[in-house]
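What follows is a single structure, written as structure tokens, with notes after it.
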Amino acid sequence: MSERTTGLRDALASFAAADGAALLVALDFDGVLAPLVDDPTTSRMTPQVRAAVDRLAALAGSSDAPHLRLAFVSGRDLDDLVRHADPPAGAYLVGSHGAQTGHATSSGIEGVPLELTSEQARTLDALNAGLAAAVAGRDGAWVQHKPSAAVLHTRQAGPVDTAAATDAALAVAARLGLEAMQGKDVVEIAVLHTSKGIAVERLRDVVAQDVAGPDGSAPPSRVLYAGDDTTDEKAFAVLGPDDVSLKVGPGETVAAYRVDGPAEVAATIQHLADLVVAGG
């Protein structure tokens, strides 16, 4: 058992027992709560993960865990994340790597409108056209359009078409002066500067203010973040020694702990819920 696995239970116990601290459990969706699939439109949580997430969501803000909050942090655009994750009421939502934010309530989703400047809108049009050209004639490669980004998907493409489409997408990003985020069989290019790291830092502050005392003073906050892809490394990088960083699956990472996949994520969430109910 690796060092990144052996200390996870102790880290969860310390996290749950943080007296008076705001506790944020922030979870990526694809590859963490839902298994990776060739067709992302079919992605769903497993029943075990669904049960664990719903249990933690029910605890968040309750008398057993008044300082606990749940968040989903995804590269999917917000509407897509809501459609596939079906977030429980109370959950904070981050889509498009932080470009979109929202909050699940008992009456629906409260989203923060995303507005582009005219220059950003023109750049997005040029980006979409460039990626359309990048996948033309390349079987299995396709482009996903987001409110502030475009994503090249190559999971179903062969190695030659994948390499060619990826090189073309990176060239488009360079020509437009945009940053390209490469993940598992995807290249995402956004016209807004954002990252999951920026999103997690913002969520940390939001949650601390949400659980502030009657005098308005915000407590210290601790974050548990779980992610599986290279884009999640930016979230891991902003976490401190009192936080819990959890890498899901293989690959190099700066995360302190690791589990194999969604089944182990479900077990981790259930164990955390047990600790919260028991008072840490």
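Taking each residue of region 32-56 that is more than 16 Å from residue 73 (Cα to Cα) and looking for partners that are open to solvent by 70 Å² or more (accessible area, probe 1.4 Å) with beta-carbon atoms closer than 6 Å, six or more apart or interchain, yields 38/155; 38/156.
Can you tell me which residues in region 239-269 are open to solvent by 50 Å² or more (accessible area, probe 1.4 Å) and not small (Gly, Ala, Ser)? If the condition is that a residue be open to solvent by 50 Å² or more (accessible area, probe 1.4 Å) and not small (Gly, Ala, Ser), then 241, 242, 250, 252, 254, 258, 260, 264 are the ones that fit. Is it the case that region 187-194 has a residue that's open to solvent by 30 Å² or more (accessible area, probe 1.4 Å), of a type outside the set (Phe, Trp, Tyr), over 25 Å from residue 270 (Cβ atoms) and in contact (Cβ under 8 Å) with a residue 12 or more places away in the chain? Yes, region 187-194 contains a residue that is open to solvent by 30 Å² or more (accessible area, probe 1.4 Å), of a type outside the set (Phe, Trp, Tyr), over 25 Å from residue 270 (Cβ atoms) and in contact (Cβ under 8 Å) with a residue 12 or more places away in the chain. Based on this model, can you work out whether residue 183 counts as farther than 23 Å from residue 115 by Cα, out of contact with any Gly (no Cβ under 6 Å at 6 or more places or on another chain), of a type in the set (Gly, Ala, Ser) and surrounded by fewer than 16 Cβ atoms within 10 Å (Cβ to Cβ)? No, not satisfied.
Table: residues versus (1) at pLDDT 90 or above; (2) open to solvent by 80 Å² or more (accessible area, probe 1.4 Å).
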| position | (1), (2) |
| --- | --- |
| 9 | yes, yes |
| 21 | yes, no |
| 28 | yes, no |
| 40 | no, no |
| 58 | yes, no |
| 67 | yes, no |
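For residue 84, the conditions (1) more than 26 Å from residue 241 (Cα to Cα); (2) open to solvent by 20 Å² or more (accessible area, probe 1.4 Å); (3) of a type outside the set (S, T, N, Q) all hold with the exception of (2). Of the helices (runs of 4 or more DSSP H) that lie entirely inside region 151-253, those containing 1 or more residues that are under 21 Å from the mean Cα position of the chain (by Cα) span 196-210, 233-237. For region 165-185, indicate whether the set of residues that are among the β-branched types (Val, Ile, Thr) and not assigned by TED's automatic domain parsing to the domain that holds residue 8 is non-empty. The answer is yes; a qualifying residue exists. Kindly check whether there is at least one residue in region 111-121 that is crowded, with 16+ Cβ neighbours inside 10 Å, in contact (Cβ under 8 Å) with a residue 12 or more places away in the chain and within 14 Å of residue 190 (Cβ to Cβ). So far as region 111-121 goes, yes, one or more of its residues are crowded, with 16+ Cβ neighbours inside 10 Å, in contact (Cβ under 8 Å) with a residue 12 or more places away in the chain and within 14 Å of residue 190 (Cβ to Cβ). Only residues in region 260-280 that are at pLDDT below 95 count as the first member; pair them with residues that are assigned to a loop (DSSP other than H, G, I, E, B) and open to solvent by 20 Å² or more (accessible area, probe 1.4 Å), Cβ under 7 angstrom, at least 6 apart or cross-chain, and list the lot. Between residues of region 260-280 that are at pLDDT below 95 and residues that are assigned to a loop (DSSP other than H, G, I, E, B) and open to solvent by 20 Å² or more (accessible area, probe 1.4 Å), the close pairs are 276/64; 277/64; 280/17. Residue count for region 7-30 satisfying the condition of being polar (S, T, N, Q) and part of a strand (DSSP E or B): 0. Scanning region 249-264 for residues that are under 16 Å from residue 10 (Cα atoms) and of a type in the set (Gly, Ala, Ser) yields 255, 256.
The values are calculated or read from the model by the stated rules, or taken from the named source; none is laboratory data. Since the model is a prediction, treat every value here as computed from it, not as a measurement. Cβ atoms come from the backbone with ideal geometry, glycine included; neighbour counts cover every protein chain shown. SASA here: full protein model, heavy atoms, side chains in, ligands and nucleic acids out. Shrake-Rupley method; radii C 1.70, N 1.55, O 1.52, S 1.80 Å.
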